[in-house]
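These notes concern the structure reproduced below.
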Amino acid sequence: MKVSVDEALKGFNVINHECNSWRRKADFFSLLLLILFSNLSYAARPDEGMYPVNMLNKVPLKKAGLRMSINDIYNPDGTALLQAVVQIGGCTGSFISNKGLIITNHHCIFGSLGPYSTPENNLLEKGYYAKDSSKELPIKGLSCKILESYMDESETILKDIDEIEDGVKKKTIIDANIRNIRESEQLKNPDLIIEVSEMLPGRSYILFRYRILKDIRIVYVPPRNVGEFGGESDNWEWPRHSGDFSLVRAYIGSDGNAVAYDKKNVPYHPQEFLNISAGGVNENDFVFVVGYPGKTFRNQPAEYIRYQQDHLLPFYANLFEWEINTINKLAENNPEYKIKTAPQVKSLNNTMKNYQGKLKALGRLDLYGEKKEKEQKIYDSLSDKPALQKQYALILKKTDSLYFLHDKIADKYYWYNQFYNSSPGIKIAMALEAFNRLYPTAKDKNAYANEITKLLRTSYKSRNNTFDSLFIGKLITNAANKNMADINQFLKPAKKPLTEEASIDYNFTNTHIFDSTFIFKMINEKPEKLLKLISIDAFVRLAKNMRLDYLATDSLQNVYQAQEDALLPEYTDIKIAAEGTQFIPDANRTLRLTYGYVKGYEPADGTYYQPISTVNGMIEKNGQSEDYVLNDSLAYLYKQHHPSRYFPEKEKEMPLCFLYNTDTTGGNSGSPVLNKYGQLVGINFDRSYEATVNDFAWNASYSRSIGVDIRFVLWYLNDVAGAGNLMGEMFVDK
C-alpha cells in the first residue's frame with residue numbers, strides 16, 4: 001500500500017504537538033540541563049569517547065598517563081602534533097618526515113596499485129617500492145586534508161529556530177544557514193576547504209578549516225602476503241599477524257600552492273611530523289590514537305538499534321555476500337577482471353564481515369534490550385520532575401511512532417537505493433530516459449547531447465555486462481521473494497517466474513542501450529530515431545516506471561530522518577541529566593582523540609588473548625590456507641636473524657601487532673598510535689570481531705583496537721625491503 005507523507009505523519013503530528021506543549025512547560029528544566037551540559041566533569045578513566053579537538057582540555061589525559069602538554073597535542077594559536085595527522089581518502093595518515101612522507105595502512109592504499117597492475121606485472125600482489133622520487137606513482141583522485149583551525153558556529157546556525165515544531169522545516173533552515181556560513185567563510189579563505197560538521201543534530205555545529213593536498217604518490221606498499229597476511233580469515237579477528245602499513249608522499253607546486261599532479265611539483269614540508277619510538281609498547285602502557293573516525297551512533301535511541309538489526313545490517317550483509325561470491329566466480333578464469341575487482345572485493349568483504357559481526361554482537365549482547373532498559377530507568381529517575389518526565393515519555397512515544405513508520409518503507413528504501421545508485425545499467429537507462437524527455441526541448445541540442453554522452457561514458461566504463469545483469473536480476477528476485485508489492489507491480493509483464501535468470505531474460509532481451517557504440521552513433525547521427533527506440537525500450541520503461549515510487553520512498557525516508565533528528569537534542573539532554581554522564585558527539589569524520597591502554601581480553605569463557613603478537617605466529621600459520629602464505633624474503637631473514645639496528649637481540653621475538661582498549665571505528669584505519677610522549681608506536685588498522693559493535697556501543701571488556709607495531713615496520717623497511725633511503729628521512733628515537 002502506498003502511503004503519502006501527509007498520511008504517514010498524521011498520527012505522529014498529534015503526538016508531536018502534545019510533546020511540544022509539554023516541552024514549553026519544561027523550559028525551566030531545560031535551562032538546568034543546558035547549565036549541566038556546559039559544566040560536566042570528565043571521568044578520570046579510559047572510557048568510551050572519541051573526543052573532538054574542542055574538548056581536549058577537559059579530558060584527564062595527564063591523570064591517565066600522558067607525559068606531554070595538551071598544547072603540544074593541539075594548539076589553536078600555533079602548530080602542534082595534530083598538524084601531523086591527515087585525512088587521506090577514507091582513512092587517516094600521519095607525516096613521519098619533513099619531506100611529506102605519510103604512513104597509513106596497506107588496505108588504504110592497496111587499490112591505488114590497480115591502475116598500474118597487469119596480469120604479467122601484478123603490483124597488487126607484488127607490492128611496490130619507489131627507490132627514488134622519480135619512481136613514485138601518482139594516485140589519481142586521492143587527496144589529504146590537514147586541519148588548520150575550527151570555530152563553534154552553533155549559535156548562528158540555530159538562531160530563531162527554537163519555536164519551529166516541524167522537523168523537516170527546521171532541517172531546511174539549518175541546512176540553509178550551514179550553506180551560507182560555509183560559502184561566506186570560503187570566500188574569505190579561498191586556499192582552504194571549509195566544512196561545517198554537525199556534532200549533534202539541532203544542537204551543535206563546528207566549522208573546520210582544512211588545507212588540501214592534491215598530489216599524493218605511492219612510495220612503498222608491501223607485498224599483499226605481508227600487508228594482508230591472514231586475508232579474510234583473520235579480518236576483524238585477533239590474534240593478527242598482518243603488516244598492514246604503506247607509505248605515500250604529498251607534493252605541492254614549486255610556488256607553494258596545493259595543486260594536482262605535475263612532474264615539477266616538490267615534496268610538501270609539513271609544519272609538524274611525528275617522531276618514532278623504536279622502543280615500542282608493553283602490556284598496560286598508556287597510548288592514545290588520533291584520527292578521522294567515520295560514523296558512530298552512540299547517542300541514538302533504542303529503536304534505532306532495533307531498526308539497524310532488523311533492516312539495514314541484514315540487507316547489506318546478505319547482498320554483499322552474494323556480490324563477493326558472484327565476482328569471484330566471474331574472475332576465476334579472467335585475470336584482468338580479477339585485478340580490476342580486487343579492491344572492490346576487499347572492500348565488500350570488509351563491510352560484510354563488519355555487519356555480520358555487528359548482527360552477532362547485537363544478538364549476543366541484546367543491546368536493544370539494554371538501551372530500552374536504560375530508557376525506562378531514565379524515565380523512573382525523573383519521578384520528582386513530573387513535567388520533564390512527561391516530556392521524556394512523549395519523546396519516546398514520538399520515537400516509537402516514527403520508527404514504526406520507518407519500518408514500513410525500510411526494505412523498499414534499501415532496495416531502491418541499490419537499484420538506482422549501484423547499477424551502472426540502471427544509470428545508463430535513466431540517462432537515456434532523461435535524454436528522451438529533455439532533448440526535444442533543449443535550447444542547445446548539441447550541448448545537451450554532449451552532456452549526456454559524458455554521463456553515459458562513465459557508466460559504460462564502470463559496467464561489467466555480466467555482473468550488472470546478474471546484480472539487477474538478484475535485486476528483482478529479492479523483491480519478488482520479499483513480496484514488495486510496490487516494486488513487483490512493475491515486474492508483472494515478465495512471462496517467466498521471477499528467478500534471477502528469468503528476470504535477466506525479461507529485462508535484457510531486445511534492448512540496445514548497453515551497446516555503447518550503437519548509442520553514441522545514434523546520439524551523434526540519428527538522435528530522433530534514438531528517441532523512438534528509447535520510448536519503446538522495455539528496460540528503460542522499467543527503470544522509468546519505478547522512479548516515481550523511488551522518489552516518493554526517498555522523500556518519506558528524509559522526512560522520517562529529519563523528525564528523528566529533531567528529537568535527539570532533548571532526548572540527549574535528558575539522558576545526560578538523569579545519568580550524570582558527559583556528552584561526547586558521535587564520530588562524523590572530524591578529527592578525534594581517544595586514549596586507553598595496551599590490554600588483552602577474554603572473548604569467551606576460559607579464553608584469554610595476550611595483547612601482543614609476533615612474527616612467530618605468522619610462521620606458525622603459514623600454509624594453513626591460501627590466506628596464510630608467508631612472504632619468502634621475510635621468512636628467510638627472520639629465520640636467519642642477523643642482529644641489526646631494529647632487531648638487535650638474537651633471542652628476541654619480533655613484535656608484529658598489538659591490542660589496546662581505545663575507542664575507534666571506520667576511518668581510524670591508518671591512525672597513529674602514540675605513547676605517553678606523543679611518539680609513534682603503531683598504526684591502527686582494525687578492531688576485534690566483538691568490537692564491530694563499537695559503532696553502537698563501547699565496552700571495556702570487549703572493545704579492542706588492533707595496530708601494527710612500529711618495531712615491525714622499522715625492521716621490515718630496513719632489513720627486508722632494504723628501504724634505507726626512507727629510513728634516513730625518519731626521526732627514530734631508540
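Report yes if some residue within the range 138-158 is acidic (Asp, Glu) and part of a helix (DSSP H, G or I); otherwise report no. There is at least one residue in the range 138-158 that is acidic (Asp, Glu) and part of a helix (DSSP H, G or I).
What about GLY167, is it of a type outside the set (Lys, Arg), crowded, with 19+ Cβ neighbours inside 10 Å, farther than 21 Å from ASN631 by Cα and modelled with pLDDT under 95? Quick ask: steps written out before the conclusion?
Values: of a type outside the set (Lys, Arg): yes; crowded, with 19+ Cβ neighbours inside 10 Å: yes; farther than 21 Å from ASN631 by Cα: yes; modelled with pLDDT under 95: yes.
Considered against the rule, which asks whether it is of a type outside the set (Lys, Arg), crowded, with 19+ Cβ neighbours inside 10 Å, farther than 21 Å from ASN631 by Cα and modelled with pLDDT under 95, GLY167 comes out as yes.
Scanning the range 556-563 for residues that are of a type outside the set (Phe, Trp, Tyr), buried (at least 16 other Cβ atoms within 10 Å of the Cβ), under 29 Å from LYS360 (Cα atoms) and not assigned by TED's automatic domain parsing to the domain that holds PHE288 turns up at least one hit.
Contact map, the range 528-542: residues that are polar (S, T, N, Q) paired with residues that are in a helix (DSSP H, G or I) and crowded, with 16+ Cβ neighbours inside 10 Å, Cβ distance under 8 Å, separation 6+ or inter-chain. Pairs shown: SER535/ASN436. Would you check if ASN524 is within 30 Å of ASN675 (Cβ to Cβ), of a type outside the set (Val, Ile, Thr) and out of contact with any helix residue (DSSP H, G or I) (no Cβ under 7 Å at 6 or more places or on another chain)? Judged against the criteria, ASN524 is not a match.
Residues in the range 584-619 that are assigned to a strand (DSSP E or B) and within 16 Å of SER197 (Cβ to Cβ): ASN588, ARG592, LEU593.
Evaluation of LYS412 against the conditions (1) crowded, with 20+ Cβ neighbours inside 10 Å; (2) among the basic types (Lys, Arg); (3) modelled with pLDDT of 95 or more shows that the sole unmet condition is (3). When the range 82-114 is limited to residues that are more than 21 Å from the chain's Cα centre (by Cα) and part of a strand (DSSP E or B), the one that is surrounded by the most Cβ atoms within 10 Å (Cβ to Cβ) turns out to be PHE95. If only residues of the range 185-204 that are in contact (Cβ under 8 Å) with a residue 40 or more places away in the chain and of a type in the set (Val, Ile, Thr) are counted, the one that is surrounded by the most Cβ atoms within 10 Å (Cβ to Cβ) is VAL196. Once the range 630-645 is narrowed to residues that are of a type outside the set (A, V, I, L, M, F, W, C) and in a loop (DSSP other than H, G, I, E, B), the residue that is farthest from ASP733 (Cα to Cα) is ASN631.
Take the conditions in a helix (DSSP H, G or I) and either farther than 30 Å from GLN561 by Cα or touching a Lys or Arg at 6+ places or on another chain (Cβ under 6 Å) (or both) and apply them to GLU232. Does it pass? Spell out the reasoning first.
Working: in a helix (DSSP H, G or I): yes; either farther than 30 Å from GLN561 by Cα or touching a Lys or Arg at 6+ places or on another chain (Cβ under 6 Å) (or both): yes.
Answer is yes for this residue.
Scanning the range 205-235 for residues that are on the phi > 0 side of the Ramachandran plot and surrounded by fewer than 19 Cβ atoms within 10 Å (Cβ to Cβ) gives a single hit, GLY231.
The values are calculated or read from the model by the stated rules, or taken from the named source; none is laboratory data. This is a predicted model, so every value here is computed, not measured. Neighbour counts are summed over all protein chains in view; Cβ atoms, including those assigned to glycine, are modelled from backbone coordinates with ideal geometry.
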